[in-house]
1. Please tell me which of these pairs span more than 24 angstrom C-alpha to C-alpha: Lys127/Lys198; Lys52/Lys198; Lys132/Lys186?
2. For the chain, what is the mean residue ellipticity at 222 nm derived from helices alone (per DSSP H run of n ≥ 4: -39500 (n - 2.57); sum divided by total residues; nearest 500 deg cm²/dmol)?
3. Using modelled backbone amide H atoms (1.01 Å from N, in-plane), which distant-in-sequence or interchain residues come within less than 5 Å of Lys2's amide H?
4. What number, in nm² with one decimal, is the all-direction average of the projected area of the convex hull of the alpha-carbon atoms of segment 33-84?
5. Contact order normalised by length for the chain, with contacts defined as Cα pairs under 8 Å and 6 or more residues apart; what percent is it?
6. What is the P(r) of segment 129-243, as percent of Cα-Cα pairs per 5 Å bin from 0?
7. How much length is gained if the chain between Met77 and Tyr40 is pulled fully straight, taking 0.36 nm per residue apart and subtracting their Cα-Cα distance, in nm to one decimal?
8. Expressed as cubic angstrom per residue, what is the convex hull volume of the alpha carbon set of segment 90-129?
Amino acid sequence: MKYIIGNWKMNQNAKIIDNFIKSFKKNKVNNVKFGLAVPYVYIEKIKKKLGKTCLVGAENCSEYSSGAYTGEVSAEMLADFNIDFCLVGHSERRTIFAETDEQINEKIKQLIKNKITPLFCIGETLKEYENKETKKVIKKQIEKGLKGINASELNNLIIAYEPVWAIGTGKTADAKTINNITEYIKNLLLKMYGENSKSIKVLYGGSVNSENASNLLTDLVDGALVGGASLNAEKFINIGRNV
């Protein structure tokens, strides 16, 4: 079964979401598990309307459990909404908001503590890609992001390989590259956690759409993290149909 997870980012409004829900409910795709990471203010609505047919998650959480951190939302608060997962370490959080591997590590620990599946995003910049540093960067991000986390805590972990140069640019890595990096990630996790790592799903993200999904998501890839194409229910559903 493939996982097709949408990330709405800072998009949508109540009226658009109502239309999305109507369109999404009309469609059914076998052997695909859909999910949506949505802005905090719409989590309850999406959970109520689509929670039975779609995983529902948040786009971020605080690395702190509570305290004087105005504007932050903790994993414990998110757990009150019974969400299924939460994005952590997305490249936009790393680049625009300067989040570090250490902060991401704390966020993952908070999510695990509150029984929320972390969807841990990793990936290299264009410069790192051109300098052939992809595997070096990924190894560093995984080792630092999962520091201090035991194998027994990884049952529901999802990793999304998203090359930064392919996010929102229309560029995508080719199937051979995606397969190679996915294999590298799975082998690295196997070395770190042994047989427990086999429960971890590895997704690909980066300009995935209904036209290219079937070529990009090889048998080794467990699914996709989808950006822009997840804003439209038909386009989103079609990605699932095509894989």
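Since every read-out is calculated from the coordinates, none of them should be taken as a lab result. Given the structure is predicted, the values throughout are model-derived calculations rather than measurements. No Cβ is skipped: glycine too gets one built from the backbone with ideal geometry, and neighbour counts run over all protein chains shown.
1. Lys127/Lys198; Lys52/Lys198
2. Values: 10 runs with 94 residues, N = 243.
That comes out to -11000 deg cm²/dmol.
3. Sorted by chain and number, the residues that satisfy this are Lys33.
4. Values: hull surface 14.2 nm².
Mean shadow area of the hull around the Cα atoms is 3.6 nm².
5. Numbers: 444 pairs, mean separation 52.3, N = 243.
It comes to 22 percent, rounded to a whole number.
6. Cα pair-distance distribution for segment 129-243, in percent: 2, 11, 21, 23, 18, 13, 9, 2, 0.
7. Numbers: separation 37, 0.36 × 37 = 13.32 nm, distance 1.05 nm.
Once the chain is fully extended between Met77 and Tyr40, it gains 12.3 nm.
8. On the way: hull volume 2.7 nm³, N = 40.
Residue-normalised Cα hull volume stands at 68 Å³.
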